[in-house]
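Visitor: Starting off with a structure, shown below.
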Amino acid sequence: MFHDIRYAARTLRKSPGFALVAIISLALGIGANSAIYSLANGLLLRPLAVPRPSQLIVVQSQMRGENLGGIAPYSALSYPDFADLRARSKSFAGLAASQFSPMGFAVDKNATPQMKFGVLVSGDFFRVLEVPPVLGRDFRPDEDRVKGRDAVVVLGYDLWRTEFGARPDAIGKTVYLSGLNFTVIGVAPESFGGPHPLIRAALYVPMAMGPRLEGDVHPDLLERRGDRSMFVHGRLRSGVNLAQAAAEAAVVSRQLAQAYPETNKTCSLLVATDMQARLRQNPADFMLIGTLLAMAAVVLLIACANVMNLMLSRGRGRAREIAVRLAIGAGRNRLVRQLLTESLILALAGGALGLLVAQAGADLFSQIKFPTDIPIVTDFRIDSGVLVFTVLASLVCAVLFGLVPALRSTNPQLTPALKSGRGDDGKRRRFLGRNALVIGQVAGSLLLLVFATQAYRGAAIVLASPAGFRTDHVLTASFDPSLVRYTPAQTRAFYKKLLDGARALPGVRTAALSESVPMLPTGDATRVVPEGVQLPPGTEAISVLSNTVSDDYFNVMDIPIVSGRGFQATDQADSPRVAIVNELFEHKYYPNKSAVGKRLRLEGTGGPVVQIVGVAKKSKYLFAVEPPVEYIYQPLAQNPKTGMTLMLHTAIAPGELAAPLSSLVRSLDAGQPIVGIRTMDEIFDQRARGTLGVLIDAIAALGVLGLVLALVGLYGLMTYSVGLRQREIGIRMALGADRSGVLRMVLKQGMTLAGAGVFIGVLLWLLASRPVMNFVQARSFSWGLLVVVAFALLGAAGLGAYLPARRAALLDPNRVLRQD
């Protein structure tokens, strides 16, 4: 093998032009795929930083028959369901529950608390995940058995470093969480960020302390069976496989359905690997990454076709060498191995250079920002996983572009090859295979370009169309009085004073409170049963995105009420419960009639009944290109929440009100933290224009790469064809053919291939257009763009074919015929 590598390197050094073009082509193709893989790795594929992550399993719940935006939602578990599963199952070596929870953190009791995202965990959390602390200890089993008794905390590594300077004497210190004293008992490892790969936890608290931190003990989170918000991780017992554990979980879910029909009648417990669970919970990310990987795969195939054409052309020039080696006894298998070694060197060199392309892609994806105080970590670095992917892609490429040329080159006709240096008995080499490669390259390039232009058009339409809510002159600031242990009555009083004070600020037109902010991944899905609607068999409720707002919300956000009324000050806790739905909810469940006056039952069959009093105009809720979804609003007075966002509609630049608003909050409670102050312009710009712009740039880059590689392939084939037909062209010119006729002849050949590729590409696009248009959220297909792209591609192909054609037209027939 070492001898083969030395010989291959020496051979490639003799053909630097060929090697350079091949390596650059492969670098573009492999690098594009590695860049998209870094996106997939950062969003979905990178496992939790725990020992033996492939053996980690996740237990999820699913309400049968329900869907959210056309997708069956997979939920976490409630704590009672988790406790029952842990007690009844025999398949698991351990199960651990966890739930993110905002907490007011302070080292000094008199300091203003900082909002930190902590995790409530079951007592065996660190042992099940096999993550020992780097300092101190983790929780003992008895520290999670008695509600509110054991106020101990394990710090995250980042919090330990920033608040205690990474000092060992932090163990035993007292910190204050939501006003309660907690004793530090340990520090988590730096590599471990918590139970979710995209959210880095600041600290860990026993689950039994959750009710005291919430300040809501009747009922508390340990007793709400319908509140499914717990991540459940586990490991299987030795000798138990995933299917056996899933079957046992199904038995437990049926037992719970019989025992608790109000909350569990349609609930199923599902067991999956950690990777499977993440793919289920993030179908939109999975679809996005799958589409980008498909585009990158087309680019890679075009690159491989390029190099294959180059290898086939080069094989003809090496026919004498191959024939001599065969004639003196070299075996064909030995020569194939030698040629594949050359292909492997090209592929690995292309992969190494492709890491620069991958890094550029990772830098592009790193521009995606989330305007939220949730510690979301999106790490798109070139790590060991990306390196392994790049090596594997290089090996696959070596086989794709190297095997066929190696087999063809080692099967020459020996006599003509030894006489003339060609293995084709002096006849013109057949171009059927190479023509097919070029046609395929052009067709693939057309698909990429059409998709890129349609995606750009769809994004432009989305960004130019109204968002459905006011984005200018709106200031947002988030609060959570539970961080300083407000009671429900104190929380209501604080928000009332906050609204009254904010409305009195100079430059404020009106103010409202909202649980969710448009374009941010906040809020919950609510299970509802619409009155008079026949649900599918086996379905007892539907899942709908919901928001809790105060009465002036629709005025602040400029969301029109198309029928009925908005919330009023009279919609209080002791008045009949009401709700507002959006247009899509009305059209779906009450077609051709008004939803106003209809009733909904919340939280399944056993929840409260509310009356629909208004229908709001549809808008965007989570992302700019989200599919149409149903939505429900509830009044804050009837559905009290602790964490809310103040929305100010301003008459002046909203940023100018940040300081007055902070002063107002300090005057109400100097210890009340403001979680974040942002304008809606900033939020919309980052979530819509910023994120969407990055994705469109990536799609456009893949389209351009495909075009460049296809044109290089066409140029290479035409150059090879002209070189092979020099004698024929010389004879034609000697017999009277003029240079313009030769130019037209060669151009015709190139344009015929390009035209065939464009025609096939158009047919393929028409077959794939419907799902693609749904993906880019385009309302209609633009035939004009298809025509423009097709003619632009033909024009570019004409330019690629013109240079070899001009070279053919400038041949000297005397020199060519004398030479041959």
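The values are calculated or read from the model by the stated rules, or taken from the named source; none is laboratory data. Computed from a prediction, not measured in an experiment: that's the story for all the values here. Cβ: placed from backbone, ideal geometry, glycine included. Neighbour counts: every protein chain shown. These area figures cover heavy atoms from the full protein model, side chains too; ligands, DNA and RNA do not enter into them. Shrake-Rupley method; radii C 1.70, N 1.55, O 1.52, S 1.80 Å.
Visitor: Show the residue pairs that are 6+ apart or on different chains and have beta-carbon atoms under 7 Å apart, the first residue being within the range 345-373 and farther than 30 Å from Val517 by Cα, the second being assigned to a loop (DSSP other than H, G, I, E, B).
Guide: Filtered contacts from the range 345-373: Leu355/Ile382; Ala358/Ile382; Gln359/Ile382.
Visitor: Within 26 Å of Ala106 (Cβ to Cβ), in a loop (DSSP other than H, G, I, E, B) and over 29 Å from the mean Cα position of the chain (by Cα), is that true of Tyr495?
Guide: On the way: within 26 Å of Ala106 (Cβ to Cβ): yes; in a loop (DSSP other than H, G, I, E, B): no; over 29 Å from the mean Cα position of the chain (by Cα): yes.
Judged against the criteria, Tyr495 is not a match.
Visitor: Could you check the range 609-628 and list, in sequence order, the residues that are under 17 Å from Leu545 (Cα atoms) and open to solvent by less than 50 Å² (accessible area, probe 1.4 Å)?
Guide: Val610, Ile612, Gly614, Val615, Ala616, Ser619, Tyr621, Phe623, Ala624, Val625, Glu626
Visitor: Would a scan of the range 280-292 turn up a residue that is open to solvent by less than 10 Å² (accessible area, probe 1.4 Å) and either assigned to a loop (DSSP other than H, G, I, E, B) or of a type in the set (Gly, Ala, Ser) (or both)?
Guide: no
Visitor: Still on this structure, please answer the following. Taking strands (runs of 3 or more DSSP E) that fall entirely within the range 530-625, which contain at least 2 residues that are in contact with a Ser or Thr (Cβ under 7 Å, 6 or more places away or on another chain) and within 28 Å of Ala459 (Cβ to Cβ)?
Guide: 542-549
Quick grid of which residues meet (1) in contact with a strand residue (DSSP E or B) (Cβ under 8 Å, 6 or more places away or on another chain); (2) hydroxyl-bearing (Ser, Thr, Tyr); (3) outside any loop (DSSP other than H, G, I, E, B); (4) under 24 Å from Arg278 (Cβ atoms):
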{"position": "Asp138", "(1), (2), (3), (4)": "yes, no, no, no"}
{"position": "Val154", "(1), (2), (3), (4)": "yes, no, yes, no"}
{"position": "Asp158", "(1), (2), (3), (4)": "no, no, yes, yes"}
{"position": "Arg161", "(1), (2), (3), (4)": "no, no, yes, no"}
{"position": "Thr183", "(1), (2), (3), (4)": "yes, yes, yes, no"}
{"position": "Gly194", "(1), (2), (3), (4)": "yes, no, no, yes"}
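Visitor: Please tell me if Asp558 is of a type in the set (Asp, Glu), open to solvent by 60 Å² or more (accessible area, probe 1.4 Å) and farther than 25 Å from Thr645 by Cβ.
Guide: No.
Visitor: With (1) of a type in the set (Gly, Ala, Ser); (2) part of a helix (DSSP H, G or I); (3) more than 30 Å from Val708 (Cα to Cα) as the list, and Ala32 as the residue in question, which single condition is left unmet?
Guide: (3) is the only condition that Ala32 fails.
Visitor: Sticking with this one: What's the total number of residues in the range 259-279 that are assigned to a helix (DSSP H, G or I), open to solvent by 50 Å² or more (accessible area, probe 1.4 Å) and touching a Lys or Arg at 6+ places or on another chain (Cβ under 9 Å)? Outline the logic, then answer.
Guide: Within the range 259-279, the subset assigned to a helix (DSSP H, G or I) is 259, 261-264, 274-279.
Filter again for open to solvent by 50 Å² or more (accessible area, probe 1.4 Å), leaving 259, 261-262, 275-276, 279.
Remaining after also requiring touching a Lys or Arg at 6+ places or on another chain (Cβ under 9 Å): 262.
So the count comes out to 1.
Visitor: Of the residues that sit in the range 721-759 and are among the hydroxyl-bearing types (Ser, Thr, Tyr) and open to solvent by 30 Å² or more (accessible area, probe 1.4 Å), which one is nearest to Leu364 (Cα to Cα)?
Guide: Thr752
So that you can scan it fast, the table gives a plain yes or no per residue for (1) of a type in the set (Phe, Trp, Tyr); (2) in a helix (DSSP H, G or I); (3) open to solvent by less than 50 Å² (accessible area, probe 1.4 Å); (4) in contact with a Pro (Cβ under 8 Å, 6 or more places away or on another chain):
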residue	(1), (2), (3), (4)
Glu656	no, yes, no, no
Arg666	no, yes, no, no
Glu682	no, yes, no, yes
Arg687	no, yes, yes, yes
Gly693	no, yes, yes, no
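Visitor: If we keep just the residues of the range 525-557 that are charged (D, E, K, R) and either in contact with an Asp or Glu (Cβ under 8 Å, 6 or more places away or on another chain) or farther than 30 Å from Pro654 by Cβ (or both), which is modelled with the lowest pLDDT? Spell out how you get there, then give the answer.
Guide: Going through the range 525-557, the residues charged (D, E, K, R) turn out to be 527, 531, 540, 551-552.
Going one step further and asking which of them are either in contact with an Asp or Glu (Cβ under 8 Å, 6 or more places away or on another chain) or farther than 30 Å from Pro654 by Cβ (or both), we end up with 527, 531, 540, 551.
Details: Arg527: 82, Glu531: 84, Glu540: 75, Asp551: 90.
Ranking the qualifying residues of the range 525-557, first place goes to Glu540.
Visitor: Something else now. List the number of the failed condition for Ser575; all other conditions in (1) surrounded by fewer than 21 Cβ atoms within 10 Å (Cβ to Cβ); (2) among the small types (Gly, Ala, Ser); (3) in contact with an Asp or Glu (Cβ under 6 Å, 6 or more places away or on another chain) hold.
Guide: Every condition holds for Ser575 apart from (3).
Visitor: Something else now. Working carefully through the options Val613, Val596, find the one that is more than 19 Å from Pro466 (Cα to Cα) and in contact with a Lys or Arg (Cβ under 8 Å, 6 or more places away or on another chain). Steps first, answer last, please.
Guide: Working: Val596 fails: in contact with a Lys or Arg (Cβ under 8 Å, 6 or more places away or on another chain).
Among Val613, Val596, only Val613 is more than 19 Å from Pro466 (Cα to Cα) and in contact with a Lys or Arg (Cβ under 8 Å, 6 or more places away or on another chain).
Visitor: Does Gly643 meet the test of being open to solvent by 20 Å² or more (accessible area, probe 1.4 Å) and small (Gly, Ala, Ser)?
Guide: yes
Visitor: Suppose we keep only residues that are under 20 Å from Asn639 (Cβ atoms) and either of a type in the set (Asp, Glu) or part of a helix (DSSP H, G or I) (or both) within the range 498-529. Which one would you say is least open to solvent (accessible area, probe 1.4 Å)?
Guide: Leu498
Visitor: Which residue pairs have Cβ atoms closer than 7 Å, lie 6 or more positions apart in sequence or on different chains, and pair a first residue in the range 627-649 that is within 14 Å of Leu498 (Cα to Cα) and modelled with pLDDT of 90 or more with a second residue that is part of a loop (DSSP other than H, G, I, E, B) and open to solvent by 30 Å² or more (accessible area, probe 1.4 Å)?
Guide: Met644/Glu515
Visitor: Quick check on Lys147: is it in contact (Cβ under 8 Å) with a residue 12 or more places away in the chain and touching a Phe, Trp or Tyr at 6+ places or on another chain (Cβ under 7 Å)? Step through it out loud before you land on a result.
Guide: Working: in contact (Cβ under 8 Å) with a residue 12 or more places away in the chain: yes; touching a Phe, Trp or Tyr at 6+ places or on another chain (Cβ under 7 Å): no.
No, not satisfied.
For every residue, the table says whether it meets (1) closer than 30 Å to Val152 by Cα; (2) part of a strand (DSSP E or B); (3) more than 29 Å from the chain's Cα centre (by Cα); (4) of a type in the set (Val, Ile, Thr).
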position: Ala201; (1), (2), (3), (4): yes, no, no, no
position: Met209; (1), (2), (3), (4): yes, no, yes, no
position: Ala247; (1), (2), (3), (4): no, no, yes, no
position: Ser253; (1), (2), (3), (4): no, no, yes, no
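Visitor: In addition: Could you please tell me which pairs satisfy a Cβ distance under 7 Å, a separation of 6+ or placement on different chains, a first residue in the range 436-456 that is free of Cβ contacts under 8 Å to residues at least 40 places away in the same chain and of a type outside the set (Val, Ile, Thr), and a second residue that is in a helix (DSSP H, G or I) and surrounded by 24 or more Cβ atoms within 10 Å (Cβ to Cβ)?
Guide: none
Visitor: Quick check on this structure: which one of Ala40, Ala97, Ala49, Ala32 is under 30 Å from Glu262 (Cα atoms) and not acidic (Asp, Glu)?
Guide: Details: Ala40 fails: under 30 Å from Glu262 (Cα atoms); Ala49 fails: under 30 Å from Glu262 (Cα atoms); Ala32 fails: under 30 Å from Glu262 (Cα atoms).
Among Ala40, Ala97, Ala49, Ala32, only Ala97 is under 30 Å from Glu262 (Cα atoms) and not acidic (Asp, Glu).
Visitor: Looking only at the range 73-109, how many residues end up being crowded, with 19+ Cβ neighbours inside 10 Å, under 30 Å from Pro673 (Cβ atoms) and among the aliphatic types (A, V, I, L, M)?
Guide: 5
Visitor: Quick check on the range 599-608: of everything there that is in contact with a Lys or Arg (Cβ under 8 Å, 6 or more places away or on another chain) and of a type in the set (Gly, Ala, Ser), which residue is surrounded by the fewest Cβ atoms within 10 Å (Cβ to Cβ)?
Guide: Gly607
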